[in-house]
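The values are calculated or read from the model by the stated rules, or taken from the named source; none is laboratory data. In this text the structure is predicted, and so the values were computed from the model without any measurement. Because the Cβ atoms are built from the backbone with ideal geometry, glycine has one as well, and the counts that use them run over all protein chains shown. Surface accessibility is based on the protein's heavy atoms, side chains included, excluding ligands, DNA and RNA. Shrake-Rupley method; radii C 1.70, N 1.55, O 1.52, S 1.80 Å.
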Amino acid sequence: MNTPSITQNPFQSMADRFNEAADLLGLSDSLKQKLQLPEKQIVVNFSITLDNGQEKNFEGYRIIHSTLLGPSKGGIRYDSGVHLDEVKALAAWMTWKSAVTGIPFGGAKGGIICDPRTLSKTELEKITRAYTKALSDTFGPQKDVPAPDMGTGPDEMGWLMDEFSLLHGKTIQAVVTGKHLNAGGSLGRVEATGRGVSIITLLALKNRQVPIDGATVAVQGFGNVGLHSALFLYEQGLKIVAVSDVSVALYNSEGIDIPELILYYNLNGKSIVGYPKANVIPHEELLLLPLDVLIPAAKEDVITARNAASINAKIIVEGANGPTSSDADAILKQKEILVVPDILANAGGVTVSYFEWLQNSLEKSWSVELVNTRLQEILEKAFTEVFATALQYQVTPRIATYIIAIRKVAEADSLRQGVKSNPNFNQN
């Protein structure tokens, strides 16, 4: 008997789901390969002078998966574990995420192999500016628009915008999203992904006819996404019984006071270690608790064939990108666990990133009420379409998201090929 692997190549997980959906759509092998593989893969190397005077070299990536639906869009990850297949998978997920929500972007992703926790602000700024210089011909408001991801935030996005603007001789705010408000950022952007996860969670509970008031939730990961997901759901009357960060997992069967925990977290150096009103449990145990909703909002491949059979949640809402490997899909389906996939569940971030890009491009500023209302409308529409497609094809919501996204991208490719092959078509 083969022992299932603990982790799976994230690009292979993406490809497995893609192929299942593409086969249902009847795509040819050549078109499947064309849409699945990235349009462009860029590897850059650069060096900076560290604070101690030493020169250090860094390797970075930018993967442009698709530009068929618009400029490519996707975050930049600073992490010591960044690798090419991970960035390729993340870029592809961005393509499908934008397509499912109807946002006029393609997909991209970037990363630099580094541990941001060991670098000073000055060193992080140097790294960001050097990476921007190396990719100055790739980035652009109508070409490729970066955003924050793991290990990056408004500071890095501001440095990127400033460096790109210096290289082009004018301020270009729309080259990047996730900026500080005073640098062209959008109201509602910081909490957008977590707000989106909470919107989708409430819709999933309604779909499964689980009462919202008192529904039990565990949130793996207490970074930006997990923290805001937990807060918004707590405010809606759900009971957050467990949370975790990289150092500790906490459990309280009576529910955790999330505003109080956030205050503790902010006063404790962005850590929940030592919070007195919950018990410490093993990280793995959080995933296996009997729950109404499990929200994995940390990293990819935390639910695999190794532990999927022991999952006891009624609903999984994927706050992170790729938290469930494809080798776990059949097990979760057999257990009749509803999995709301990352492509839909965490699309609040890219949606409000689009709003920021649009505001910058139009030189306008929206109220937070308008941002949140439009976010709600887009996610509700996408949720309805995904679940209708799942019913139509008798597939899981995950495969339904791929069916919707692949169909849109394939149609865009067909239109583009039609234009190229028709000599009588007048291009304006």
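Each residue of the range 375-390 was assigned a 3J(HN,Hα) from its phi angle through the Karplus expression (A = 6.51, B = -1.76, C = 1.60, θ = phi - 60°), giving 4, 4, 4, 5, 5, 5, 5, 5, 4, 4, 5, 4, 6, 5, 5, 4 Hz with x at Gly and Pro.
Normalising the average separation of contacting C-alpha pairs (under 8 angstrom, six or more residues apart) by the number of residues puts the relative contact order of the range 1-82 at 20 percent.
Taking a straight line from the alpha carbon of residue 34, these lysines sit under 27 Å away, with near neighbours fewer than eight places off in the same chain left out: 73, 88, 97, 109, 143, 408, 420. Relative to one another, the C-alpha centroids of the range 318-395 and the range 202-281 are positioned 21 Å apart. Only one residue of 180, 227, 204 has its Cα farthest out toward the positive end of the dipole of the range 169-247, where Lys and Arg carry +1 and Asp and Glu -1 on Cβ, and that residue is 180.
Of all DSSP bridge pairs formed entirely within the chain, close to 45 percent run antiparallel.
The slack in the chain from residue 267 to residue 182, taken as 0.36 nm per residue of separation less the alpha-carbon distance, amounts to 28.1 nm. Annotation: amide H of residue 76 within the under-5 Å range of 110, 147, 149, sequence separation 5 or more or interchain, hydrogens built in the peptide plane.
Note on the chain: with charges restricted to the Cβ of Lys and Arg (+1) and Asp and Glu (-1), its dipole about the Cα centre is near 840 debye.
Protection proxy ranking, highest mean first, for peptides 49-55, 103-109, 300-306: 103-109, 300-306, 49-55, where packing is the per-residue count of other beta-carbon atoms within 10 Å, averaged. Solvent-accessible area assigned to carbon and sulfur over the range 170-239 amounts to 50 percent, based on a 1.4 Å probe. Summed over qualifying helices (DSSP H, 4 residues or more, each -39500 (n - 2.57)) and divided by its residue number, the chain shows a 222 nm mean residue ellipticity of -14500 deg cm²/dmol. What are the aspartates and glutamates whose alpha-carbon lies under 17 Å from the alpha-carbon of residue 277, with same-chain residues fewer than 8 places away excluded? Output for residue 277: 245, 254, 257, 260.
Net charge of the neighbourhood of residue 56, taken over other residues with C-beta under 13 Å away and scored Lys/Arg +1, Asp/Glu -1, is -4. For the range 95-109, the Karplus equation 6.51 cos²θ - 1.76 cosθ + 1.60, evaluated at θ = phi - 60°, returns couplings of 4, 5, 5, 5, 5, 5, 8, x, 7, x, 10, x, x, 8, 7 Hz by residue, with Gly and Pro reported as x. Residue by residue, the range 289-303 carries 3J(HN,Hα) couplings of 5, x, 9, 7, 9, 10, 10, x, 10, 10, 10, 7, 6, 9, 10 Hz when phi is fed to the Karplus relation 6.51 cos²θ - 1.76 cosθ + 1.60 (θ = phi - 60°); x denotes Gly or Pro.
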